[in-house]
Every structure is written in C-alpha cells, then in structure tokens.
Amino acid sequence: MNAKEQKKLEKLQKMRHSMAHVMAGAVLKLMPEAKFAIGPAIDNGFYYDFDLPRKLTNEDLATIEELMKEIIKENLPFEKEVLSRAEALEMFKDQPYKVELIQELPEDEEISIFRMGDAFVDLCRGPHVEDTSRLNAQGFKLLSIAGAYWRGDEKRPMLQRIYATAFGDPKALKAHLEFLEEMEKRDHRRVGKEQDLFSLHEEAGPGLVYWHPKGARMRVTIEDFWRKEHYKNGYDMVFTPHVGKSWLWETSGHLDFYKEGMYPNMVMDDVNYYAKPMNCPFHIMIYKNGKHSYRDLPYRWAELGTVYRYERSGTLHGLLRVRGFTQDDAHLICTPDQMQSEISEVLRFSLFMLRSFGFSDISAYLSTMPEKSVGEKERWDAATESLRKAIEDEGLEYKVDEGGGAFYGPKIDLKVKDTMGREWQLSTVQFDFNLPDRFDMTFTDNDGQEKRPYVIHRALLGSIERFFGVLIENYGGAFPVWLAPTQVRVIPVSEKFEDYAKKVERSLRAEDILVDGDYSDDRMNAKIRNAQNEKIPYMVVVGEKEMNDSAVSIRVRTGEQLNGMPLDDAISMINEKIAKKEMP
C-alpha cells in the first residue's frame, strides 16, 4: 500500500470510528438503559456491541438509522478529554463493560474519552472527525444484528452487535451494497441449501458437516483428482487412527500448547485418549516404525485425515469454520540436501492444484523466525531462504511477515482471490523443527552418522470442508462441468419419449458422466427452469425427432441451444469439457 492509499484508508477508518459513536448515541436515544461494550472500525464499516433490555429487530435498525441522520445534522463536535483512573471509573460506574476495560489498562497509560456533544460519551483513544457535519448522512447503511459474546468468551454475557458499512460517498456505498448482495447470493450456506449439497445440525452437534448425495459426488470428484495427482507427483498414501493415547499428545506438545483447541479426553482401560486435532504425530509414528537411511529419503506421505478441533460456538461459520474436518495433509521427510528441491517441487504442486480448480490470482506470504522459537538459527536461516527462493523462482508476488512464523518453523501461505476479489488463505508449506526433536527422529547419513531429518508440513487445499465452501462462493454454485454434482439432466418432451430418454441417460452414465432424468409430471418448460435454477451445465431434451435420429437437443446453462446433435457427438463434447476442466 502506497502513502496515498494509506492516507485514504486512515481517513476512512476515522470516519467509520466516528460513525460508530453516532450509532451508539442513536441507540442511547432509543434505549437510555443500554450498556455499551466496544465499537471499532473494521474493513468496509464498523460495529458496536450492546447489552440491551430487549432483542433488537430489523425495524429497530431503520429507527436507529434515522436517529443517526438527526445526530449528524446537529453538527456535534468530537472533543477529547483525559481523565484520571478514578474519574473514569466514576464516570462509567453504570457501564460495567467500560469499567472492566478501564481496570485492565496499565497504570501508566493515558485514559481518554471522547464527547460527541451531549449525545454520547465513550471511553476512546480516537481519532475522530472534528464534528458530525464531516459525516455523510447518505454514506452509511446498517446491515445486520448478530450475537457476540463479551470478549469472545462463551462463558461471558451474550451481547447484541450491530454491523454497518460506511464509505462517506453514496456512490461507493451503493457499489458496496451491490457487492454484498452478490455475496449473499453466493453464500455457500445458501447455495448449499438450494442445491442440496450439505447440512449442519446444531441439535446433533455444532460444527459437524453432513454431506448430502450431491455434495458427496463433488467431494469424491475433488478427492479422486487429489489422489491421482499425488500419486503422479511421487506421494504415498497413509491412513491413521482418529484417536491416540495422551502420551502421543504429550510428546508432540499439543497438550501443553493446544489443549484448549482439543476435544476433551476419553478414558479407556484407565488411559486418557484424545481425538486427533492434527495428523502429524501419527505420520511420525509410522516413520518411527523402522530405521531409515539417507538413500530412503525423501518420504512424501499424504492423507485425507479427519481431525477434530474445539472451536468456540460463536466462531463457527458454515463450512468455513467447523469442528470436524478432513485435512488435506502431507508430510515431507527429507535430508538437508534435499530441502530446496522438495520445497520448490511442493510449491509448484500447490500452484498446479489451485489453478486446476480455477484460481489464477495467487500471492504468497513468507513468515519468518519469531522471538521465541525452537531449533538452531542456521536451520531457520536455511529453511527460510529455501522458501524465499522457491517463491521467487515461481515468479509469485509475495510479502514477508517478519517474525510471523510459528515457534517451530518458517512457512509459506498461499492466498487466492476469488471471482469477487476476496482473498482466501488455502495452501501452507510449514517447516517443523520441533517434532523431529520431540520424537527423536533420525536417519543414517552417508557418513554413517545419525542425523535429524527435515520435516515439512504441507496442506494444498487446507481442509476439504473449507475448500468446498470457498469453491461454492467462487462459482456461486455454477461450477465447471467436471465439478458439477449433476453434469447433465435428461428431459423428455412428453411421457411417450421416456424410454428413449432413459436410453440416453444410460449411455451418458456408461461414460462416467453424472446424469439424472426428470420424469416428473411438470411441463417441459418447468423442468428446464428447475434445471437452470440448479445451475446444471447441460439440459438434454429429447422428443420424436431426436429419438428417430438417435440424437439430442442440448440447452446449455449459458442459454445456448444445440439442436439435433448426434448422441455420440454430445457425449464427446461433454467429456472434452470435463477433461479440460472448462465451463459449459
């Protein structure tokens, strides 16, 4: 971001922060007994968390918007005051969330408030605009109401959060609202329900995904492609258990630094077991099953391993944040001499996989050694340089996150932009200097000495669940032919042609094309409309002429019409689209 863009962003954030105070002032007018938590500026807008005497409604949002516009018209100044701790505690004695924040401030930290005329006063560092006349009453919009636990802790009170967007410029606001409308149409939860791909059931366990037949078809397609390409790229598949004794997680260190993210223990034969949050210790146990020479390395072991992590209920979000998911996982175990070639190859493979699913705008983030770390600095330096070289050799744009690596090794994160311009973090290539030491991993080098191998964690797609959610939103449910859960729907013009329609269906299915037929009592136009709404790539319509000519008429999802095409030609065309991973 250049200096001009940074200045523009700072101006926007100041405006949005000021708008959060205006919103809080409007809520105070509507409900004088309101308790206030926090109200920061965020990307594209702001929010404020409230403890209120009743549940907000969408009608309340409209009322609050009008009250905000009235406050803006009053040209109220934003004025800063510095208070002592005692003065601040006295001022906010009836606001428990503010009192908690004040009590947590360091003794030597300045405590400041901002007054917005007589309409609202808040514990705040600022900055703000000079007065409300600097705010555009037509440049903001309240969007939604959500629940939010105080401090993100589900054991604390549930507050009501109002989300809003603000750009100051009505044209920019209009463009952003149109963007949000398109995002809503593409929301993977909405599309998943419309196309019957998956479901989640709070009553049966939050954050656990149920794959329906159509979604399962897509998952099989994704996983089959994943396995095929891994075998082609020199990987071996492994399968590991879902649970392990506490000894495993004590040795790996997970019970020391990750226990809050793990499911509670279960006791069997008076021994504690834990559901696995990661696959890595299991892969290491396979390695520990025998002795290894430098001639055996590298090992490339891949697994679609289902893991379980305890995510707080307030953070769960469709497929994008779940508690049980299948990790697209692999571990590379290699000698120091093999490190560069392995890193270069795994980065190339990562890019190939992402591009195969239609992602072309890819950038890299290199995270380096933090202050607290394990492993020799020489290893960190060599590993970091190998990551940097691999990125540069691929010609990727990248940013360096100095000190942002995990304590056990540097890493590359690959982020893709979808068709809406949103960025998603998918692939990760992560060195690990911790587990080889903890599990005493060794190999015999060509000098006859026992040495530590390098271990590289690698996830190409991230997790199957999250990746599926990203795919849905990227394509808005209108998938390339190879990924579509139903690639072809056969539609007879009338009941008289059902036998021929079923023959066409069998011919397509014999070519491994995902096909179904609509033999309902609906009119033909309704059947086509239903298939169009399901975003099925090809609608194959058959009637008397098609039956007599052993042909089909095809209506493409795009609206294109291909009449009287010989059936063999239609099959060849569809198979070519599948093979090339193209849109219909």
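Readers should treat all values here as calculations from the given coordinates under stated rules, not as data from a laboratory. Worth saying up front: this structure is predicted, and the values here are computed from it rather than measured. Reconstructed Cβ throughout: ideal geometry from the backbone, glycine too, with neighbour counts over all protein chains shown.
Using the beta-carbon distance between A579 and S494 and R0 = 35 Å, what value does 1/(1 + (r/R0)^6) give for FRET efficiency, to the nearest 0.05?
Numbers: r = 34 Å, r/R0 = 0.97.
Result of the calculation: an efficiency of 0.55.
Roughly speaking, what is the centre-to-centre gap between the range 211-246 and the range 121-171 when only Cα atoms are used, to the nearest Å?
After rounding, the separation between the Cα centres reads 43 Å.
Expressed as a whole number of Å, what is the distance separating the alpha-carbon centroids of the range 422-478 and the range 1-55?
With the range 1-55 and the range 422-478 each reduced to a Cα centre, they are spaced 39 Å.
Using the Cα centre of the chain as the reference point, and only Cβ charges (+1 on K/R, -1 on D/E), how large is the resulting charge dipole? Debye, rounded to the nearest 20.
Values: 81 positive and 98 negative charges, 176 e Å.
Computed about the Cα centre, the dipole is about 840 debye.
Between S313 and K171, how high is the FRET efficiency from 1/(1 + (r/R0)^6) when r is the Cβ-Cβ distance and R₀ = 45 Å? Nearest 0.05. Don't skip to the end; give the middle numbers.
Details: r = 39 Å, r/R0 = 0.87.
Result of the calculation: an efficiency of 0.70.
Go ahead and collect, in residue order, the members of the range 155-186 whose backbone nitrogen is under 13 Å from a label point 7 Å along the Cα-Cβ direction of L30.
Counting only backbone N, you get 160-164.
For the range 3-182, give the magnitude of the charge dipole about the Cα centre (Cβ charges: +1 Lys/Arg, -1 Asp/Glu; no others), in debye to the nearest 20.
Values: 26 positive and 33 negative charges, 91 e Å.
For this selection, approximately 440 debye.
Let me make sure I get this right: for the range 488-579, a, b and c are the square roots of the gyration tensor eigenvalues over alpha carbons, sorted descending. Under 1.5 in a/c it's rounded, otherwise prolate if a/b > b/c, else oblate. Which is it? Walk me through the numbers on the way to the answer.
Numbers: a/c = 1.45, a/b = 1.12, b/c = 1.30.
Taking the square roots of the gyration eigenvalues as a ≥ b ≥ c, the range 488-579 is rounded.
For the ranges 505-516, 257-268, what's the packing order if you count other beta-carbon atoms within 10 Å of each residue, average per peptide, and put the highest first? Before the final figure, lay out the partial values.
Details: 505-516: 16.7, 257-268: 12.7.
Listed from highest to lowest mean packing, they are 505-516, 257-268.
When 1/r is averaged over all different Cα pairs and the result inverted, which Kirkwood radius in Å belongs to the range 320-412? Write down the numbers at each step before the final one.
Details: mean 1/r = 0.0686 Å⁻¹.
Final number for the Kirkwood radius of the range 320-412 is 14.6 Å.
If you take the charge dipole of the range 488-579 about its Cα centre, with +1 on Lys and Arg Cβ and -1 on Asp and Glu Cβ, which of N575, N563, Q532 is farthest toward its positive end?
Of the options given, the answer is Q532.
May I ask you to order 478-490, 421-433 by the average number of other C-beta atoms within 10 Å around their residues, highest value first? Intermediate results must be reported in sequence, preceding the final value.
Working: 478-490: 23.1, 421-433: 18.8.
In decreasing order of mean packing, 478-490, 421-433 become 478-490, 421-433.
When the Debye formula is applied to the Cα atoms of the range 3-182, each taken as the same point scatterer, what base-10 log of I(q)/I(0) results at q = 0.08, 0.12, 0.13, 0.20 Å⁻¹?
With no solvent term, the Cα-only Debye profile gives -0.24, -0.56, -0.66, -1.51.
What FRET efficiency comes out for the pair N58/Y210, r = Cβ-Cβ distance, R0 = 30 Å, nearest 0.05? Intermediate values should be presented prior to the final figure.
Working: r = 30 Å, r/R0 = 1.00.
Rounded to the nearest 0.05, the efficiency is 0.50.
When ranked by the protection proxy of mean other Cβ atoms within 10 Å per residue, highest first, what sequence do the peptides 53-61, 210-218 form? Display every interim value, and only then the final one.
On the way: 53-61: 11.9, 210-218: 16.2.
Result, highest mean Cβ count within 10 Å first: 210-218, 53-61.
Given the C-alpha centroids of the range 291-308 and the range 319-381, what is the distance between them in whole angstrom?
A separation of 15 Å, based on Cα centres.
Within the range 469-577, how many lysine pairs that are 8 or more places apart, or on different chains, have C-alpha atoms less than 24 Å apart?
Pairs that pass both the separation and distance tests number 14.
If contacts are Cα pairs under 8 angstrom and at least 6 residues apart, what is the relative contact order of the range 236-384 in percent? Can you show the working numbers first?
Working: 147 pairs, mean separation 30.3, N = 149.
So the answer I get is 20 percent.
Considering the dipole of the range 3-182 built from charges on the beta carbon (Lys and Arg +1, Asp and Glu -1) around the Cα centre, which of L89, A20, M31 is farthest to its positive end?
About the Cα centre, the residue reaching furthest to the positive side is A20.
Could you give the nm distance between label points at Q13 and S112, where each point is 7 Å from its Cα heading toward the beta carbon?
My value for the distance between the label points is 1.4 nm.
Find, among the trypsin sites (Lys or Arg not before Pro) in the range 145-198, those assigned to loop by DSSP (not H, G, I, E, B) with at most 15 other beta-carbon atoms within 10 angstrom. Could you put the intermediate results ahead of the total?
Working: sites: R151, K155, R161, K171, K174, K185, R186, R189, R190, K193; in loops: K155.
Loop-located and lightly packed - K155.
Do any of K11/K69; K232/K417; K232/K580; K411/K580 go past 22 Å between their Cα atoms, and which?
With Cα atoms farther than 22 Å apart: K232/K417; K411/K580.
What percent do you get for the relative contact order of the chain when only Cα pairs under 8 Å and 6+ apart count?
Working: 1041 pairs, mean separation 57.0, N = 584.
About 10 percent, as a whole number.
Can you tell me the dipole magnitude for the range 319-461 around its Cα centre, using point charges on the Cβ only (Lys, Arg +1; Asp, Glu -1), in Debye to the nearest 20? Let's see the in-between values first.
Details: 18 positive and 26 negative charges, 133 e Å.
That gives a dipole near 640 debye.
Among L354, G253, P281, whose Cα lies farthest out toward the positive end of the dipole of the chain, if unit charges sit on the beta carbon of Lys, Arg (+1) and Asp, Glu (-1)?
Of the listed residues, the answer is L354.
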